[in-house]
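Reading through the structure tokens given below for one structure.
The values are calculated or read from the model by the stated rules, or taken from the named source; none is laboratory data. Just so it is clear, the structure is predicted and the values come from calculations on it, not from any experiment. Neighbour counts run over all protein chains shown; Cβ positions are idealised from the backbone, glycine included.
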Amino acid sequence: MIDDKTLLKFDGPVPRYTSYPTAPHFTDAIGSEMYRQWLGEIPGHEPLSLYFHVPFCDTLCWFCGCQMTVVNRYEPVASYLDVLDMEIDRVAEALHTRRPVRHLHWGGGSPTIVASDDFKKVMAHIGQNFDILDDAEIAVEIDPRGFTAVHARALAEAGVNRASIGIQDFDPAVQAAVNRLQPFNETKAVVESLREHDISGISFDLLYGLPHQNVQTMISTVDLAVSLDPARLSLFGYAHVPWMRPHQALIPDELLPDGRARLALYRAAAGRLAEHGYVPIGIDHFARPDDAMAQAIDDGRLRRNFQGYTTDEADTLIGFGASAIGSLPQGYVQNAPLVPDYRSAIEGGGLAIAKGIAIDDGDRLRRAVIERLMCDLSVDLADEARRYDLDVDLFRPSLDNLLPLQSEGLVTVDGNIVTVPEAARLSVRVVCAAFDSYLGQGPGRHSRAV
């Protein structure tokens with residue numbers, strides 16, 4: 001058994017590895033013209049994945065780490081949607097043909113800040129430019145506060161079949177401390193409304209590491225969440241990064257649990273979810289055994305992208321909207337983070353790429369190794385190296401980097417097979433960091449592993 005002291009010994013800042021190379025290493029060497037070229041090179045028959053970012057909320061949650069702006073009127077949202085429609089046209093033109101889409105995800109901010117009729121119009125516009133397949137997963141992140149049956153009906157009419165609902169914590173004291181008041185009955189009503197409109201793929205987001213949380217409140221939140229029978233839950237560790245998100249300074253450091261307390265919160269929540277029959281997925285997801293994500297982990301098909309763990313197997317993820325990131329076979333691109341800059345680029349007749357990075361087979365190999373570790377907790381380095389016709393010996397420095405972790409039992413190395421024990425699941429990002437040839441270069445700062 002690996003004790004808390006050992007886990008916390010390596011609880012340093014490391015990337016979340018939703019990409020490799022990670023976003024701090026993107027540069028302005030990649031711009032809109034390169035992106036246009038990359039889009040034109042994507043094989044026409046391959047299904048795409050699309051992500052749409054809505055960078056607006058009507059209230060500020062102090063824990064939020066998203067790229068967003070608080071608005072108190074709808075005009076900025078409506079105006080933004082006009083620009084989003086223009087970007088959709090521009091990207092579709094660069095792709096040359098109407099491409100098939102198997103996954104489509106709306107994130108934010110709060111996508112449900114978009115008026116129901118406007119949401120349906122944008123979805124129709126997407127359908128005019130892309131071939132959304134009959135079996136496509138169409139997911140929307142939902143803020144339950146103010147969500148009504150009218151919203152649910154509009155989502156269903158637009159083809160949405162999966163909803164990710166932000167909960168964080170049901171305890172009133174915790175909610176007050178992070179400026180997100182959200183009674184359980186309000187969330188319950190939203191879930192019931194979604195199901196009445198045949199949106200049955202329900203996911204919840206929970207956070208640990210917030211002010212005033214303790215083991216009992218954490219277990220209570222899990223029990224209340226499970227009572228609504230979600231197919232999936234995420235259990236994220238709150239990332240306190242006020243140097244990146246200044247509003248997080250509204251949460252006093254002295255109210256945050258220390259490493260040992262955070263670990264206790266995670267163990268309590270994860271243990272309770274296991275008692276309820278949910279299967280652990282990677283470092284922060286749980287799914288019912290009959291859910292597609294649990295089946296993907298069994299089949300070795302689980303993937304990881306900028307939305308976290310996913311069943312999406314597309315090689316190309318195209319991001320739309322301010323700050324949206326895209327992943328293409330040639331590399332990564334990110335739109336201008338600020339809405340005025342994004343708007344200027346699109347209205348100026350171009351695309352909105354502000355930065356990115358081109359990748360080679362060495363990057364792709366390391367990305368594959370990191371992804372398998374993040375998803376399966378195990379990887380055969382030799383098998384992955386063969387896929388890219390590269391020598392497995394290039395990992396010798398990485399294996400040397402793992403020696404301190406091996407001595408503590410946080411990882412095992414058997415020939416070319418690297419495995420993270422179940423008891424060290426939370427340390428897998430630290431193991432992945434040993435294979436990250438970019439880490440330590442540039443200005444990137446990251447959240448804690450635990």
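The table below lists the values:
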item	result
Options Val77, Val91, Val54: the member that is among the aliphatic types (A, V, I, L, M) and either surrounded by fewer than 18 Cβ atoms within 10 Å (Cβ to Cβ) or within 22 Å of Tyr238 (Cα to Cα) (or both)	Val54
Residue in region 91-104 that is in contact with a helix residue (DSSP H, G or I) (Cβ under 6 Å, 6 or more places away or on another chain), of a type in the set (D, E, K, R) and in contact (Cβ under 8 Å) with a residue 24 or more places away in the chain present	no
Those residues of region 152-165 which are within 25 Å of Leu181 (Cα to Cα) and in contact with a Leu (Cβ under 9 Å, 6 or more places away or on another chain), in sequence order	Ala152, Leu155, Ala163, Ile165
Every residue from region 293-307 that is of a type in the set (A, V, I, L, M) and in contact (Cβ under 8 Å) with a residue 24 or more places away in the chain	Met293, Ile297, Leu302
Val190 vs. criteria crowded, with 20+ Cβ neighbours inside 10 Å and either free of Cβ contacts under 8 Å to residues at least 60 places away in the same chain or more than 30 Å from Glu46 (Cβ to Cβ) (or both)	yes
Ala274 being surrounded by fewer than 19 Cβ atoms within 10 Å (Cβ to Cβ), in the same structural domain as Ser227 (by TED's automatic domain parsing) and assigned to a helix (DSSP H, G or I)	yes
Residue identified as in a loop (DSSP other than H, G, I, E, B), of a type in the set (D, E, K, R), assigned by TED's automatic domain parsing to the domain that holds Thr311 and out of contact with any Gly (no Cβ under 8 Å at 6 or more places or on another chain) among Asp223, Asp290	Asp290
Among (1) within 30 Å of His247 (Cα to Cα); (2) in a loop (DSSP other than H, G, I, E, B); (3) among the acidic types (Asp, Glu), the one test that Glu46 misses	(1)
Flag if Pro280 is under 21 Å from the mean Cα position of the chain (by Cα), closer than 15 Å to Leu206 by Cα and part of a loop (DSSP other than H, G, I, E, B)	no
Region 241-260, residues that are free of Cβ contacts under 8 Å to residues at least 24 places away in the same chain and surrounded by 12 or more Cβ atoms within 10 Å (Cβ to Cβ)	Pro242, Ala249
Filtered residues of region 225-240 (kept if crowded, with 18+ Cβ neighbours inside 10 Å and of a type outside the set (Phe, Trp, Tyr))	Ala225, Val226, Pro230, Ala231, Arg232, Leu233, Ser234, Leu235, Gly237, His240
Single residue of Ile353, Ile346, Ile318 found to be surrounded by 21 or more Cβ atoms within 10 Å (Cβ to Cβ), within 24 Å of Ser164 (Cα to Cα), modelled with pLDDT of 95 or more and not charged (D, E, K, R)	Ile318
Wholly enclosed strands (runs of 3 or more DSSP E) of region 343-450 bearing at least 3 residues closer than 19 Å to Phe306 by Cβ and aliphatic (A, V, I, L, M)	353-358
